[in-house]
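> Sharing a structure with you now.
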Amino acid sequence: MDHAPTPCVIIKITELLSTTTKSFYIQTGSTAKGTAIKGKSDVDLVFLLSRSRYQSVDHLNNDLKEILAHIKGVIIGKYQNVQVHQRAVSFETVCRESGTGHSHVISVDLLPAVNFGDLVNLRSIHTRMRIASEEVRNMYTPSLTKWQREFVKRDRTEQLKKLIRFVKYWKNESIQHSTSSFAIELLVIRLWSQDGSPVHFKLTNALKKVMETIAVPNHIRVEFVGEFYNREFQQSYAAPYIIDPTNPYSNEAAKCRWNEISQAANTFLQKPWMISAISKFV
C-alpha cells in the first residue's frame, strides 16, 4: 500500500496545457498528501487561472463551461475516458513506475480555480463565502486545496500515513463505489491528535480506535477551529460531521455512506487480532 509515484502525469499535463494557457498547477489529492494507495491512486490537478484575467470566483463561474470545453479540446484523443463534469474534466492515463517495469492506471481530475496567491488572508475569503450561494461556495474549494494539502501533510509521521493508507484501502475494498477519502484522512488525524500525536504506536491499536469510531458514526464530531478559521465562521452541523479545516462551509462527512461504512467497521472489529488490541494510539 505504498503511495504511487505520479510525476509522469504532472509532466504530461503541464506540458500539454502550458502551450495554450498561462496558468499554474497544484497537485492535490491523496498522492500529493502522501496517503495514496498503490495501484488505486487518484491525482487532482488544480488548474490555477491567470490572476490578471480571473480575479473572482463569480467571474470563473460565469466562464466555467467555456473553460472546461477548452481543456477537453486540448486533451481529448491523448488520454482515455475524457469526461466533462460540473466543475472538472476527468480522464485516465497509464503511468509506468520507474525502474520496476510495472504500470498502473491513474484517474486524474483537472479543476479550474481562481489563484488567490500565497499571501492571501483566508479570513477575507471566508467572509466572501459567507454571503455566497452554495453553488458559488463550491467553486472556492479547488482554490483552497493548497491549504488542505499542507494540513494533511503537516508534521504527520510515516506511521500515521501508513494507518491512513490502510484505512482508505479497507474502505475501498469494503464499499462499492467508495466516496472521497478526505473525511477519513481528517478523522484519523483528529483521533491521533486526541491521543497526543505520538510518533510511535502499534498500527493494530490505532486501527481499533479508528474502527470503533467509524462503527458509531452518530458520535463523530470533528472540527479544526483555529487552524484556518476561527469561531466567527463556525457553522452548526448535526452529527456526524467532519469539517474541512480550510472551509467552514464544507462537511466532508456528508459525502460518506455511513450505513455501509459502519457495518463494514463492525464486521472488521470481530477479527481476533482486533479484539485483543488496545483502542488507543499506543
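> At a 1.4 Å probe radius, carbon and sulfur cover how many percent of the accessible area of the chain?
Exposed carbon and sulfur together represent 48 percent of the surface.
> Positive end of the dipole of the chain, charges at C-beta (+1 Lys, Arg; -1 Asp, Glu), about the Cα centre: which of S276, P240, G73 has its Cα farthest in that direction?
Most positive-ward Cα: S276.
> I've got another one for you. Per DSSP H run of at least 4 residues, take -39500 (n - 2.57); add these up for the chain, divide by its residues and hand me the 222 nm value, nearest 500 deg cm²/dmol.
That calculation yields -12500 deg cm²/dmol at 222 nm.
> Right, something else. Give me Rg/Rg_expected for the stretch 158-230, where Rg uses Cα atoms only and Rg_expected = 2.2 N^0.38 Å with N residues.
1.12
> Take the Cα radius of gyration of the stretch 70-154 and divide it by 2.2 N^0.38 Å, with N its residue count; two decimals is plenty. Could the numbers behind the result be given before it?
Details: Rg = 16.8 Å, N = 85, 2.2 N^0.38 = 11.9 Å.
The stretch 70-154 yields a ratio of 1.41.
> With axes computed from alpha carbons, what is the tilt in degrees of helix 158-174 against the longest principal axis of the chain, rounded to the nearest 10 within 0 to 90?
Tilt relative to the chain: about 90 degrees.
> Looking at the chain only, what percent of DSSP beta bridges run antiparallel? Nearest 5 please. Display every interim value, and only then the final one.
Details: 17 of 27 bridges.
Antiparallel bridges: around 65 percent, rounded to the nearest 5.
> Taking Cα atoms of the stretch 123-282, Rg/Rh with Kirkwood Rh, to two decimals?
0.98
> Dipole size in debye (nearest 20) for the stretch 52-156 around its Cα centre, Lys and Arg Cβ +1, Asp and Glu Cβ -1?
Roughly 220 debye, rounded to the nearest 20.
> Next question, about the same structure. If you work out semi-axes √(5λ) of the Cα gyration tensor in Å from the coordinates, which of (1) 45, 28, 16; (2) 63, 27, 19; (3) 32, 24, 16 do you get?
Given (1) 45, 28, 16; (2) 63, 27, 19; (3) 32, 24, 16, the calculated one carries the label (3).
> Given q = 0.14, 0.17, 0.23 Å⁻¹, what are the Debye log10 I(q)/I(0) values for the stretch 217-265, with equal point scatterers placed on the Cα positions and solvent ignored?
The computed values of log10 I(q)/I(0) come out as -0.36, -0.50, -0.79.
> Here is a follow-up. Can you tell me the orientation of helix 203-215 relative to the chain, as the angle in degrees between its alpha-carbon axis and the longest Cα principal axis, to the nearest 10?
80 degrees
> So, in nm, how far is label Y237 from label Q270 when the simple model puts each one 7 Å beyond its Cα toward the Cβ?
Simple spin-label model gives 3.1 nm for this pair.
> Place a +1 charge on the Cβ of each Lys and Arg in the stretch 107-222 and a -1 charge on the Cβ of each Asp and Glu, then give the dipole magnitude about the Cα centre in debye, rounded to the nearest 20.
In total the dipole reaches around 260 debye.
> Which one, V105, V120, V136, has the greatest fluctuation when you compute a Gaussian network model over the chain with C-alpha springs under 10 angstrom?
Judging by the Gaussian network model, the answer is V120.
> Give the residue from S181, L144, P112 lying farthest towards the positive end of the charge dipole for the chain; charges sit on Cβ (+1 for Lys and Arg, -1 for Asp and Glu) and the dipole is referred to the Cα centre.
Checking the options against the dipole of the chain, the answer is S181.
> Let me ask you something else. Please get the size of the charge dipole for the chain, origin at its Cα centre, with Cβ charges of +1 on Lys and Arg and -1 on Asp and Glu, quoted in debye to the nearest 20.
The dipole magnitude comes to about 380 debye.
> Arranged from highest to lowest average of other beta-carbon atoms within 10 Å per residue, in what order do the peptides 54-67, 244-257 appear?
Final packing ranking: 244-257, 54-67.
> If the elastic network links every pair of Cα atoms under 10 Å, which of H104, H219, H177 fluctuates the most in the Gaussian network model of the chain?
Looking only at H104, H219, H177, the largest GNM fluctuation is found for H177.
> While we're looking at this one, here's another question. Using only Cα atoms and rounding to the nearest 10 degrees, what angle (0 to 90) does helix 182-194 make with the longest principal axis of the chain?
It is inclined by approximately 50 degrees.
> Would you mind classifying the stretch 44-106 by shape? Square roots of the alpha carbon gyration tensor eigenvalues, ordered a ≥ b ≥ c; an a/c under 1.5 is rounded, otherwise it is prolate if a/b is larger than b/c and oblate if not.
Taking the square roots of the gyration eigenvalues as a ≥ b ≥ c, the stretch 44-106 is prolate.
> Something else now. Subtract the Cα-Cα distance of R53 and L119 from 0.36 nm times their separation in residues, and report this length gain in nm to one decimal.
Between R53 and L119, full extension yields an extra 21.9 nm.
> Another question about this same structure. Which residue fluctuates most in the GNM of the chain (Cα springs below 10 Å): S52, S181, S143?
Fluctuation is largest for S52.
The values are calculated or read from the model by the stated rules, or taken from the named source; none is laboratory data. Please read all numbers here as calculations on a predicted model, not as lab measurements. As a convention, Cβ positions derive from the backbone with ideal geometry for all residues, glycine included, and neighbour counts pool all protein chains shown. Side chains are part of the model used for accessible areas, which takes the heavy atoms of the whole protein and leaves out ligands, DNA and RNA. Shrake-Rupley method; radii C 1.70, N 1.55, O 1.52, S 1.80 Å.
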